[in-house]
Amino acid sequence: MAKEWINLVKKELTPEDLLRIIFDYTAKIASERKLNAVLVHMADMGREMILSDRCTVWLIDEPNHQLYTTVAHGVDEIRIPFGTGLVGSAVLSGEPIIIEDAYNDPRHNDENDRKTGYHTKSIITVPFRNNDGEIIGAYQAINKLTAVGYFTARDLELLSLAASYAGKSLESVMLHQEIIDTQREIISTMGEVGEIRSKETGNHVKRVAEYSYVLAIGLGLSASQAELLRTASPMHDIGKVAIPDAVLNKPGKLTEEEYDIIKSHTKIGHQLLRGSKRELLRTASIVAEQHHEKWDGNGYPAGRKGEDIHIFGRITAVADVFDALSAERVYKAAWPIEKIENLFREERGRHFDPAVVDVFFEQLPKLLDIRQRLTDEAE
């Protein structure tokens, strides 16, 4: 976020300063794909353009009939009923509002002032619209920091300019986020379908996803890479959808031929997903193919060894085996944690990447918390 502001009287911006702020923040917003980051840039841009003490970006939560903000300088998330307060009035009317003294306006809600000890004086609120002209939120700036002490028509012009650009950019990011969320939902659901056919539970893939994220962060992967793995890992056994029930759920020991059929789920999963241009599905194809490979080269389907196995495959292997051993099933009891720990020590450098096993032990308390939170009994 931009530098911390302090409550000192500031000089009005020169045209050169204003252009610098506009070009700086429009470039940041245009290159950003994360919703929260765009909202932060929007709030900072509005605050700097009109020299306010604080700036809030409000969005509409239609299902809950609320207005909310996750980005507000100086406070945490705020939610208010739709249509209430100055921001609600601006959103309902579609018109901006400028108030010199908030406490002389009955629409002002002073609840947050009472909670925080902050004193709101001048307010400017400007709705912003999407490409179809529909209002999707509003800027609200508080307390002008120049000598005049209140917002002017010039401030309204500048904040309206920011709102016009930012609103349309925000819609693009929100649509992108909606696509990503839809992909995640589909992947998670498909992963659950694969597990249900093999008498597993939907919570198995959820736990594997969360375990994988914790292990990835512990290994030093970036937050974005860890999140990518968390989203893709539920598809690790998607290839099981093509395995006959008679083989997949056979109660007794498998023949060599039947075991080969079971092992083919790794190739099938890879083939199902590998042709996608989406990074998420390409990642899922890697996990599906490589999560049964072993560090010493004795895994399947390709007998990859060591770092020839993708790091996502090595992480998912640990997460998957940990869950398989620690979860109770109709055909087996859950292993006690001491027995699981012994297995990972024995298989360190054989089945599993030593580095991943080391992180497994470091992060075991977090993994156990996840197991408790996503227990099958809660389904």
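Shape summary: the range 219-302 maps onto an equivalent ellipsoid whose semi-axes, from the alpha-carbon gyration tensor, are 26, 15, 11 Å in decreasing order.
Ranking A162, V205, G117 by how far each Cα lies toward the positive end of the dipole of the chain (charges on Cβ) leaves V205 at the top. Under the convention that each Lys and Arg Cβ holds +1 and each Asp and Glu Cβ holds -1, the size of the dipole of the chain around its Cα centre is about 560 debye.
Exceedance of the 18 Å cut-off in Cα-Cα distance is limited, within the set K10/K144; K240/K366; K294/K339; K206/K366; K240/K267, to K240/K366; K294/K339.
When the range 281-379 is described by a simple charge dipole with +1 on each Lys and Arg Cβ and -1 on each Asp and Glu Cβ, the residue from Q372, Q290, V357 located farthest towards its positive end is Q290. At R0 = 30 Å, how high is the FRET efficiency between D358 and E257 if r is their beta carbon distance? Nearest 0.05 is fine. FRET efficiency, D358 to E257: 0.20.
As a ratio to 2.2 N^0.38 Å, the alpha-carbon radius of gyration for the range 198-378 is 0.98. Taking the Cα centre of the range 198-378 as origin and assigning +1 to Lys and Arg Cβ atoms and -1 to Asp and Glu Cβ atoms, the resulting dipole is close to 360 debye. Comparing E346, E293, E111 in a Gaussian network model of the chain, where Cα atoms under 10 Å apart are tied by springs, the biggest mean-square fluctuation is seen for E111.
For the chain, what does the helix formula give at 222 nm: sum of -39500 (n - 2.57) over DSSP H segments with n ≥ 4, over the residue count, nearest 500 deg cm²/dmol?
That calculation yields -16500 deg cm²/dmol at 222 nm.
For the chain, hydrophobic long helices are taken as DSSP H runs at least 18 Å long by C-alpha position along their axis with mean Kyte-Doolittle hydropathy of 0.5 or more; these are 35-50, 311-326.
Expected output is a single nm value to one decimal: the length gained when fully extending between L161 and K28, i.e. 0.36 nm times separation in residues minus the C-alpha distance. What is it?
On the way: separation 133, 0.36 × 133 = 47.88 nm, distance 1.63 nm.
Residue separation times 0.36 nm, minus the Cα-Cα distance, leaves 46.3 nm.
When the charge dipole of the chain is built from unit charges on Cβ atoms (+1 for Lys and Arg, -1 for Asp and Glu) and taken about the Cα centre, the candidate among I243, V148, W58 whose Cα reaches farthest toward its positive end is I243.
No value in this document is a laboratory result; all are computed from the given coordinates. Predicted, not measured: the structure shown is a model, and the values here were computed from it. Every residue, glycine among them, receives a Cβ derived from its backbone with ideal geometry; neighbour counts consider all protein chains shown.
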